[in-house]
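Q: Please see the structure below; I have some questions.
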Amino acid sequence: MSDGSALFRHYGVSPWEIEVIFDTLRRAFQVQEEQLRPDDSGYVSMIEIRFPVPYDEAFFQQFTMESWYKIKGVLKDIKRRRGKKGLKSYLRFAGVADKERPILSFPLFAKNERPFEMGIEKLEYPVDIIPLQLKELPSDVVEIEYNYDEESFKWHPYLAKKSDGINYTFKDDSWKTK
């Protein structure tokens, strides 16, 4: 988002939860908010936050660790309140390591509370390894999606989406067409 605004999209979220997330984001960014209609009967709530900056250490300095912990805490609290009814969340960043493209996406759909909490807690850990993982990226990729592995407790590159609709998956340390 070139205008420097964070995007906060949601459904099934209480006014208090909306206010906490919105106010926390507003400390560092202008915020565009969109309330959506539910689009997945498997989840009672959905939260998407698109940060207008790359995913790197500078993000945690600009947004501050206090604000980051607050966002993580609210997401975990929302998940706890929804229980097995589910919270679907997406945290997206405008690039990685000083590159505005591709968008870096961290979706988290775990139905159980503990894997969801672990995924949220581990989000800042791969900040140093992601630039290395994305060195051999196919050209014209517009979005990279990471996947949280509940067995290894780590985020791994999963899907690279190209502008022409071709997708690549990350297997054996390289990107391959599906």
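Q: Hey, does segment 50-59 have a residue that's touching a residue at least 12 places away in the same chain (Cβ under 8 Å), outside any loop (DSSP other than H, G, I, E, B) and farther than 25 Å from residue 126 by Cβ?
A: Scanning segment 50-59, I find no residue that is touching a residue at least 12 places away in the same chain (Cβ under 8 Å), outside any loop (DSSP other than H, G, I, E, B) and farther than 25 Å from residue 126 by Cβ, so the answer is no.
Q: Sort through 103, 120 and tell me the only one that's closer than 17 Å to residue 9 by Cα and either buried (at least 20 other Cβ atoms within 10 Å of the Cβ) or touching a helix residue (DSSP H, G or I) at 6+ places or on another chain (Cβ under 7 Å) (or both).
A: Among 103, 120, only 103 is closer than 17 Å to residue 9 by Cα and either buried (at least 20 other Cβ atoms within 10 Å of the Cβ) or touching a helix residue (DSSP H, G or I) at 6+ places or on another chain (Cβ under 7 Å) (or both).
Q: Has segment 25-32 got at least one residue that is surrounded by fewer than 16 Cβ atoms within 10 Å (Cβ to Cβ), in contact with a strand residue (DSSP E or B) (Cβ under 6 Å, 6 or more places away or on another chain), within 29 Å of residue 130 (Cα to Cα) and of a type outside the set (A, V, I, L, M)?
A: Scanning segment 25-32, I find at least one residue that is surrounded by fewer than 16 Cβ atoms within 10 Å (Cβ to Cβ), in contact with a strand residue (DSSP E or B) (Cβ under 6 Å, 6 or more places away or on another chain), within 29 Å of residue 130 (Cα to Cα) and of a type outside the set (A, V, I, L, M), so the answer is yes.
Rundown of residues vs (1) in a loop (DSSP other than H, G, I, E, B); (2) farther than 19 Å from residue 91 by Cβ, yes/no style:
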site	(1), (2)
110	yes, no
117	no, no
120	no, no
123	yes, no
137	yes, yes
145	no, no
151	yes, yes
157	no, no
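Q: Let me ask something additional. Looking only at residues that are among the hydroxyl-bearing types (Ser, Thr, Tyr) and either surrounded by 14 or more Cβ atoms within 10 Å (Cβ to Cβ) or not in a helix (DSSP H, G or I) (or both) in segment 60-76, which one is nearest to the chain's Cα centre (by Cα)?
A: Per the stated criteria, the residue is 67.
Let's see how each residue does on (1) without any contact (Cβ under 8 Å) to a residue 60 or more places away in the chain; (2) more than 12 Å from the chain's Cα centre (by Cα):
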| residue | (1), (2) |
| --- | --- |
| 86 | yes, yes |
| 108 | yes, no |
| 112 | yes, yes |
| 118 | yes, yes |
| 127 | no, yes |
| 133 | yes, yes |
| 136 | yes, yes |
| 139 | yes, yes |
| 155 | yes, no |
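Q: Suppose we keep only residues that are among the basic types (Lys, Arg) and outside any helix (DSSP H, G or I) within segment 83-108. Which one would you say is modelled with the lowest pLDDT?
A: So the residue we want is 99.
Q: Scan segment 9-24 for residues that are part of a strand (DSSP E or B) and surrounded by fewer than 18 Cβ atoms within 10 Å (Cβ to Cβ) and jot them down.
A: 9
The values are calculated or read from the model by the stated rules, or taken from the named source; none is laboratory data. Note that the coordinates shown come from a computational prediction; the quantities given were computed from them, not determined experimentally. Glycine gets a Cβ as well: all are built from the backbone with ideal geometry, and neighbour counts include every protein chain shown.
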